[in-house]
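One structure is given here, and the rest of the page talks about it.
The values are calculated or read from the model by the stated rules, or taken from the named source; none is laboratory data. None of these values were measured; they are calculated from a predicted model. Cβ placement follows ideal geometry from the backbone for every residue including glycine, while neighbour counts extend to all protein chains displayed.
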Amino acid sequence: MNAPVETPIGFLNLPKQQSLIAEEIKQRVDAVMRHCRFVMGPEVMELESRLASYAGAAECVGVSSGTDAIQIVLMAEGIGAGDAVFLPAFTYTATAEVPLVLGATPVFVDVDPATFQIDPASLRRRIADVRKAGRLRPRAVIGVDLFGQPAPWPELRAIADEGDLFLMADCAQAFGATLSGRRLGREAVATTLSFFPSKPLGAYGDAGGILTDDPARAELYRSLRTHGEGKTRYEVLRTGMNARLDTIQAAILLAKLDVFDMELGRRRVIADCYDAGLAGCVVPPARVADSESSWAIYSVLTRGAEDRATIQDRLKARGIASAIYYPRPLHLQPAYRASHDGSPLPVAEDLSQRILALPMHPELTDHDVGRVVAAVCA
Ligand SMILES: *Cc1c(COP(=O)(O)O)cnc(C)c1O
């Protein structure tokens with residue numbers, strides 16, 4: 001007799017999440033349908049103030065995506081041609097794309113082999129490389145809170161201060177994470193958020209935000225998200241964008257924010273179960289000291305590309321999804337190769353061959369977690 005076929009375990013389970021908060025979402029969206037202020041409606045301001053107080057930041061500016069958030073922050077600093085923007089080689093493409101869109105040059109930095117976060121020693125070397133070459137002006141550092149854990153913020157702040165560099169946080173994956181007991185959102189001059197549907201706090205479309213404690217910058221970000229407008233809509237002070245947060249997305253995020261802490265708690269329980277079950281067959285992700293992750297992504301290290309392929313095949317055969325973040329470090333991507341000075345970034349290159357992300361979402365049951373562990377370790 002065949003073994004009973006078990007239900008597939010997806011990488012995410014948004015339908016199940018939606019069924020749990022369907023009534024709250026419906027009420028929120030119905031309210032928008034009644035007032036019809038689809039752009040910059042009251043839900044946008046309500047969400048901005050809830051997100052700012054959640055993160056302990058003075059200001060939150062809602063924008064159209066995490067990518068546009070990064071662009072607005074860099075535009076506000078006047079970053080452009082001739083400027084070097086330092087960022088990890090092991091991150092999502094958006095972090096590197098924005099400096100290029102603005103005419104600046106991304107300078108790729110290697111990462112830590114255990115935590116996968118940007119490596120401060122490599123950052124120092126890369127800044128020295130750029131100063132020595134003398135072609136570009138070092139201007140900014142983008143720290144990325146990769147997979148939901150915090151970047152090494154105290155070291156990044158020290159390096160930015162020493163070199164007079166603008167420091168921003170790409171916190172697209174880590175809203176809700178903590179460092180030294182406080183939530184991320186105030187580690188850099190500006191912190192960008194993404195509410196892409198698969199992020200821990202996800203909308204039903206594209207959405208993002210910018211956190212800052214600086215009221216002057218917040219005002220500039222608000223101007224830049226609406227075509228560079230001044231005090232009135234018909235006064236144009238600067239070149240801006242159309243990068244506003246949709247009211248309907250804000251309404252959905254308000255409903256989801258009510259259950260967000262519960263979901264983070266469940267993600268943390270799942271991560272602990274994975275850590276305990278997987279140790280010995282793969283390398284669980286090293287925890288950043290004195291922090292709590294938002295567990296956007298739970299990635300383990302396999303022995304190598306072949307081992308990883310075997311594990312992925314076994315997961316697939318058992319109906320379990322997996323993914324690779326990221327199969328190629330950014331300095332080796334065709335789009336970015338021309339910006340790269342050819343320096344080897346050996347850790348990022350090695351990780352891309354061995355890393356494997358397992359299903360991580362609050363709807364996973366204990367039974368699901370057991371099935372994933374059994375399949376990885378079989
Ligand atoms: C998702 C993500 C972004 C971009 O966010 P969007 O909302 O999809 O534009 C930027 N940086 C990182 C690290 C991300 O994971």
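A few points about this structure:
- All positions within segment 168-212 that are within 13 Å of the ligand (Cβ to nearest atom) and polar (S, T, N, Q): Q173, T191, T192, S194, S198
- Any chance I127 is buried (at least 20 other Cβ atoms within 10 Å of the Cβ), within 16 Å of the ligand (Cβ to nearest atom) and either part of a helix (DSSP H, G or I) or not assigned by TED's automatic domain parsing to the domain that holds N242 (or both): no
- Candidate set: segment 135-167, residues that are out of contact with any Lys or Arg (no Cβ under 9 Å at 6 or more places or on another chain) and closer than 19 Å to M360 by Cβ; chosen: the one nearest to the ligand (Cβ to nearest atom): V144
- Restricted to segment 269-357, the set of helices (runs of 4 or more DSSP H) holding at least 2 residues that are modelled with pLDDT of 95 or more and closer than 23 Å to L12 by Cβ comprises 305-317, 346-354.
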